[in-house]
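Here's the structure we're looking at; comments come further down.
We did not get these values from a lab; they are worked out from the coordinates using the rules stated. Predicted model, so just to flag it, every value in this text is computed and none were measured. Cβ placement follows ideal geometry from the backbone for every residue including glycine, while neighbour counts extend to all protein chains displayed.
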Amino acid sequence: MARKKIALIGAGNIGGTLAHLAAQKELGDVVLFDIAEGVPQGKALDLSQCGPVEGFDAQITGTNDYADIAGADVIIVTAGVPRKPGMSRDDLLGINLKVMKSVGEGIKTHAPDAFVICITNPLDAMVWALREFSGLPHNKVVGMAGVLDSARFSTFLAWEFGVSVRDVTSFVLGGHGDTMVPVVEYSTVKGIPVPDLIKMGKSTQERIDAIVKRTAGGGGEVVALLKTGSAFYAPAASAIAMAESYLLDQKRVLPCAAYLDGQYGVDGMYVGVPVKIGADGVEEVIEIALNDTAKAGLQVSIDAVKELVAACKGIDETLA
Ligand code: PYR
């Protein structure tokens, strides 16, 4: 059986980390695309030379030609500009929308059967625009954010309770922005909900509220520390988990920016919700019952995404 093919659009920090993780896990051969001449080729050569040390046979090639993504099973899109300290993800909308247009057209022409994972910010609007520009089915285009935001939430909860991250499950819904909704009621340590752990005296409401706030600002915290760009290790690991679930038909339930067609009261937009990812792409959007606070938070987040989508339509008339 031939190896799977994974195309990575964008050879920056996330793209390079994605290539390394995909090769280490032997998910398939990797094509690293970027418009900057030499960068994807240089990173591909460097990464290929990890193979003998780390023991992987995956072929990694760099290219500036969209034709080389032909036949890709999975495409992960990181192309575009990351934010700098003081910027919000939304400040990137105009510039990254243009990038999504050329990426979407490249995918439409060369790899229309791929499962596409978008990471470019502002995520919920960019994944929507990428789907529009590529014309792929909605279940084959998804945004990476909830896995990352939940990973941040789980990390902080594990630190708070002094337990292994493996025993923490957490959920973050909504858009990948300041309005995201970490859902405390669905977050557990080995099945024990966080509100019960508070009652057991393991933490306090104030400390959990602070963790919720830190999670929502989790990307900005890294940007402020790095000063030159945004997070890349955890975003790449999160997208690889999604790609793996598709390629291996794992049917994992993961929070992702998925196209909603009436679910959660949303029509025609991408918002972060729990979905099942398997060989058919996004196989199911899972609607969970939310309390009034989470519902109100999610509505604020949905309204914020709606504004970004409207802004995209205002910039590019082919989207209107
Ligand atoms: C984040 O670190 O949250 C990004 O969106 C890359």
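A few remarks follow.
- Here the sum of -39500 (n - 2.57) over DSSP H runs of 4 or more residues, divided by the residues of the chain, equals -13500 deg cm²/dmol at 222 nm, to the nearest 500.
- Computed from the Cα positions only, the extents of segment 63-168 along the three principal axes stand at 50, 33, 26 Å, in decreasing order.
- Counted charge near Lys227, where neighbours are those whose Cβ lies closer than 13 Å (Asp, Glu -1; Lys, Arg +1): +1
- In straight-distance terms, cross-link reach from Lys43 covers every one of the aspartates and glutamates whose alpha-carbon lies under 20 Å from its own, apart from those fewer than eight places away in the same chain; here that gives Glu26, Asp29, Asp34, Glu54, Asp57, Asp65, Asp68.
- Segment 55-125 - Rg over Rh from alpha carbon coordinates, Kirkwood radius: 1.04
- 3J(HN,Hα) along segment 15-27: x, x, 5, 4, 4, 5, 5, 4, 5, 4, 7, 6, 6 Hz, from the Karplus curve 6.51 cos²θ - 1.76 cosθ + 1.60 with θ = phi - 60°, whole Hz, x for Gly and Pro.
- Of Leu92, Pro82, Gly62, farthest towards positive along the dipole that unit charges on Lys, Arg, Asp, Glu beta carbons give segment 39-114: Leu92
- Given +1 at the Cβ of Lys and Arg, -1 at the Cβ of Asp and Glu and no other charges, the dipole of segment 215-320 around its Cα centre is 340 debye to the nearest 20.
- Cross-link reach list, lysines versus Lys276, counting only Cα pairs under 23 Å and skipping chain neighbours closer than eight places: Lys4, Lys5, Lys25, Lys140, Lys190, Lys251, Lys295
- At 0.692 mPa s and 37 °C, Stokes diffusion of the chain via Kirkwood alpha-carbon radius, µm² per second: 166 µm²/s
- Once the Cα gyration tensor of segment 216-266 is diagonalised, semi-axes √(5λ) in Å: 27, 18, 7
- What the Cα convex hull of segment 5-130 gives, in volume per residue, is 98 Å³.
- Working note: Karplus 6.51/-1.76/1.60 with θ = phi - 60° gives segment 207-213 the couplings 5, 5, 4, 5, 5, 4, 5 Hz, where Gly and Pro are set to x.
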